[in-house]
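Comments concern the structure below.
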Amino acid sequence: METKVAVVSIVVSSAEKVEEINRLLHMASDSIIGRMGIPYPEKGVNLISVAIDAPEPEISMLVQSLEALDGVNAQAIFARI
């Protein structure tokens, strides 16, 4: 199956969900190119950026799974290549 390159942006406003987020990202670890997390305590959020190369349905499933968590917002931006 053809893969797509994307960046998944995640905004976490519920620290209790970090373990679950890490579990979901670990499940996709074979497709993850890199990841960066930035705590922003002044606003009470953590920002996570994940570069991924995977089939589009897998990326969409990851985003949907993240979005299903309370206090977590996620979106994917796909490269135009």
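The values are calculated or read from the model by the stated rules, or taken from the named source; none is laboratory data. In this text, all values refer to a predicted model and were calculated from it rather than measured experimentally. Every residue, glycine among them, receives a Cβ derived from its backbone with ideal geometry; neighbour counts consider all protein chains shown. Keep in mind that these areas ignore ligands, DNA and RNA; they rest on the heavy atoms of the full protein, side chains included. Shrake-Rupley method; radii C 1.70, N 1.55, O 1.52, S 1.80 Å.
Between the helical axis of 18-27 and the dominant principal axis of the chain, each derived from Cα atoms, what acute angle in degrees is found, rounded to the nearest 10? Once rounded, one gets 10 degrees. Here the accessible area is traced with a 1.4 Å probe on the protein chains. For the chain, carbon and sulfur cover 53 percent of it. With K and R counted +1 and D and E -1, the other residues having a Cβ less than 14 Å from that of residue 79 yield a net charge of -1. Each Lys and Arg contributes +1 and each Asp and Glu -1, all at the Cβ; summed about the Cα centre of the chain, the dipole is approximately 220 debye. What is the helix-to-structure angle for 56-67, meaning the angle in degrees between its Cα long axis and the longest Cα principal axis of the chain, kept from 0 to 90 and rounded to the nearest 10? It works out to around 10 degrees.
Packing, as the average of other Cβ atoms within 10 Å across residues, places the peptides 3-12, 31-40 in the order 3-12, 31-40, highest first.
Values of log10 I(q)/I(0) for the chain across q = 0.15, 0.21, 0.25 Å⁻¹ run -0.48, -0.91, -1.24, by the Debye formula with one identical scatterer at each alpha carbon and no solvent.
Taking the chain as a Gaussian network of alpha-carbon nodes connected by springs under 10 Å, the highest mean-square fluctuation of the residues 42, 56, 19 belongs to 42. Using the 1.4 Å probe convention, the accessible area of the chain works out to 67 Å² per residue with neighbouring protein chains retained.
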